Amino acid sequence: AQTVTQSQPEMSVQEAETVTLSCTYDTSESNYYLFWYKQPPSRQMILVIRQEAYKQQNATENRFSVNFQKAAKSFSLKISDSQLGDTAMYFCAFLSHTSGTYKYIFGTGTRLKVLA
Amino acid sequence: EPEVTQTPSHQVTQMGQEVILRCVPISNHLYFYWYRQILGQKVEFLVSFYNNEISEKSEIFDDQFSVERPDGSNFTLKIRSTKLEDSAMYFCASSDQGVQPQHFGDGTRLSIL
C-alpha cells in the first residue's frame, strides 16, 4: 500500500523568503503522479503543482517548484518569495491508479505561516 | 474557471438521522470522488465513481454510505444512521481523466450531535 509522509507539522517563514516543505512516499508502482495542494483557512483544496513520475525534470509553477527525487521517493515543495497569501495548510498527495481506479493518498499536511 | 460546488456548507444532524451531501462536479468531468477530513487529521479517500458506478471504495465506505448520480449534474453522498464519528469535513472532487488533477469543492462540514 502506498503511504505519504509529511514530517513537518508546522513551519513559518518571513515574507519574501524561501521555504521548503518536505514529503516522502512509499510505493511499488513505477509510474505515478504527485501533487501539492494548498488549503487556506477558506478550506477549499487548491492545486499548487503536479509532477509526473516519468518526467525527470522538476515541475515549476511561478514561485512554486518541486524537488523530485524518484530513487529517494522524495517530493519537496519550494516556495520562493513567500507572500502572506501563501499562509495555508499544504498537503502532499500521491495519485494511486492501480487496476484502472484512481484515488489520492494524502499526507498529514504542513501548516505554513508566512510572517510579515 | 469552472468550479466544483457543494451544498450545504454546514450540516448539523442528530445522531441516527440520514444526511445527503450534494455536489455539482465540473460539467465535462467524468470521474467523481468523495473524501473526508476529520478535524485535525489528514484527508482520507472514501469513494471514486466513474461511468455510473463505484470504481473503488475505502474501508471507511461501508454499508452506511452510498453515492448516486441522480441526473447529469449532481453527485450525492448519503450517510444513513449517522454516528458521532461521522462528524467531519466532506470534500467532493472531480477530474476529466483519472490521471488529471482533481478539482475540489469547498467542502461540507458535517456535525453530528
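Quick look at the values:
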| read-out | value |
| --- | --- |
| Filtered residue count, the range B:90-113, keeping only those that are open to solvent by less than 10 Å² (accessible area, probe 1.4 Å), of a type in the set (A, V, I, L, M) and out of contact with any Pro (no Cβ under 9 Å at 6 or more places or on another chain) | 1 |
| The range A:32-78 - residue that is over 30 Å from B:THR108 (Cα atoms) and of a type in the set (D, E, K, R) and, of those, modelled with the lowest pLDDT | A:LYS55 |
| Residue list for the range A:75-102, restricted to those being more than 14 Å from chain B (Cβ to nearest Cβ) and in contact with a Ser or Thr (Cβ under 8 Å, 6 or more places away or on another chain) | A:PHE75, A:SER76, A:LEU77, A:LYS78, A:ILE79, A:SER80, A:ASP81, A:SER82 |
| The range A:19-46: number of residues that are under 17 Å from A:VAL4 (Cα atoms), more than 12 Å from the chain's Cα centre (by Cα) and within 11 Å of chain B (Cβ to nearest Cβ) | 2 |
| Condition met for B:PHE45 (open to solvent by less than 80 Å² (accessible area, probe 1.4 Å), in contact with a Pro (Cβ under 7 Å, 6 or more places away or on another chain) and not charged (D, E, K, R)) | no |
| Residue check, B:GLN6 open to solvent by 20 Å² or more (accessible area, probe 1.4 Å), within 28 Å of A:ARG111 (Cα to Cα), under 11 Å from the mean Cα position of the chain (by Cα) and at pLDDT 95 or above | yes |
| Candidates B:GLY40, B:GLY16, B:GLY72 - the one that is open to solvent by 20 Å² or more (accessible area, probe 1.4 Å), among the small types (Gly, Ala, Ser), assigned to a loop (DSSP other than H, G, I, E, B) and at pLDDT 95 or above | B:GLY16 |
| Residues located in the range B:61-75, provided they are over 16 Å from B:SER94 (Cβ atoms) and among the charged types (D, E, K, R) | B:ASP62, B:ASP63 |
| Qualifying strands (runs of 3 or more DSSP E) (wholly inside the range A:1-100; at least 2 residues being of a type outside the set (Phe, Trp, Tyr) and more than 18 Å from B:LYS42 (Cα to Cα)) | A:10-14, A:19-21, A:46-52, A:64-69, A:74-79 |
| Options A:LEU95, A:LEU47, A:LEU112: the member that is aliphatic (A, V, I, L, M) and open to solvent by 60 Å² or more (accessible area, probe 1.4 Å) | A:LEU47 |
| Checking B:GLU1 against (1) under 16 Å from A:LYS103 (Cα atoms); (2) without any contact (Cβ under 8 Å) to a residue 40 or more places away in the chain; (3) not in a strand (DSSP E or B), the condition it does not meet | (1) |
| Residues located in the range B:62-85, provided they are over 11 Å from the mean Cα position of the chain (by Cα) and either in contact (Cβ under 8 Å) with a residue 60 or more places away in the chain or within 11 Å of chain A (Cβ to nearest Cβ) (or both) | B:ARG80, B:SER81, B:THR82, B:LYS83, B:LEU84 |
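The values are calculated or read from the model by the stated rules, or taken from the named source; none is laboratory data. The structure presented is a predicted model; accordingly, all values stated were derived computationally and were not measured. Here the Cβ is made from the backbone with ideal geometry for all residues, glycine too, and neighbour counts use every protein chain on show. The accessibility values were calculated without ligands, DNA or RNA, using every heavy atom of the protein model including side chains. Shrake-Rupley method; radii C 1.70, N 1.55, O 1.52, S 1.80 Å.
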